Amino acid sequence: MTLARILLCNVLGALLVFSWYLPQLTLWTTVDDSIFWFFNQFITLRHPDWTMILALLNTRFFDAAAFGVMGILFVLAMKHDPSPKRGVKWTGIGVVMLLTAGLLALFTNDGIQYGHASPTLFFAEAHHLTDIVSIPAKDSAHNSFPGDHGLMLMVFAGFMLKFASRRLATLSVALVVLLSAPRIMVGAHWFSDVYMGSLAIALIVLPWWLGTPLASTLTQAFANRLQHIIRRLHLHR
């Protein structure tokens, strides 16, 4: 990625933040409220099938299934990599990706002073999914900003854009939309939590990490270290 593209991503991220902070612009409030109330009107006893589907999409089981889908894409990316030592290479990519996700999670939890409640807690008249279904599902958060779930999906998509084939990278980007949607639809997150907060962080941070030699160098260092360990194990057999 060229410096111009990195700066363009940063400008887009900054514009997202700027558009949200301007008090005279009600774009995000209008979008957030409209999307929340559109889906919330169907979370009632009159729509049992729909509420059950939403509940299932917001369980820990679905989160685990989503993680499994990302794992499958990761393995496919490794299998389609023509590199002779692709196993070691993609192990290094996985380690760096997890480190990146962990550091960003720490930053969003401890470094961002602003926070707000999810729409289901903000609006007293909101319908709560957990009042209708019996299965444990997430439909609220005392601090939903930024969307941590969406940000982790964007980290995965960013690494796939960097290291995987175009087809798998495109599927990974599509997963960001598909897998972050259930939290928004049920009211556990505002739309802006993901597509302003998470996306702004991703556009500002990830280009400098993935668009420069930093991530590739660290990935290669982990791969070299793993290869060294493998060689030593073979020698001691």
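Normalised by the number of residues in the chain, the mean separation of alpha-carbon contacts (under 8 Å, six or more apart) gives a relative contact order of 33 percent. For a modelled paramagnetic label at Met52, 7 Å from Cα along Cα-to-Cβ, the residues of region 174-218 in reach, with backbone nitrogen under 19 Å, are 186.
With helices as the sole contributors, the chain gives -22500 deg cm²/dmol at 222 nm; each DSSP H run of n ≥ 4 counts as -39500 (n - 2.57), and the sum is divided by every residue. Extending 7 Å from Cα along the Cβ direction at Ala117 and again at Leu7 yields two label points whose distance is 4.4 nm.
In terms of surrounding Cβ atoms within a 10 Å radius of their Cβ, Leu12, Leu54 rank from fewest to most as Leu12, Leu54. Each of Ile72, Ile184 was scored by other Cβ atoms within 10 Å of its Cβ. Arranged with the fewest first, they read Ile72, Ile184.
What is the diffusion coefficient of the chain in µm²/s, taking the Kirkwood radius over Cα pairs and the Stokes-Einstein relation at 25 °C with a viscosity of 0.890 mPa s? Calculated translational D: 126 µm²/s. Note on region 86-156: Cα convex hull, mean projected area over all directions, 6.7 nm². Scaled to the globular estimate 2.2 N^0.38 Å, the Cα spread of region 1-87, given as radius of gyration, is 1.74.
Here Leu76 and Asp131 are evaluated by their C-beta separation; at R0 = 30 Å the FRET efficiency comes out at 0.15. Considered as an equivalent ellipsoid built on the Cα gyration tensor, region 38-141 has semi-axes of 37, 21, 9 Å, the largest given first. Averaging 1/r over every pair of different alpha carbons in region 186-237 and inverting the result gives a Kirkwood radius of 14.2 Å.
Just so you know, all these numbers are worked out from the coordinates, no wet-lab data involved. Please read all numbers here as calculations on a predicted model, not as lab measurements. Cβ: placed from backbone, ideal geometry, glycine included. Neighbour counts: every protein chain shown.
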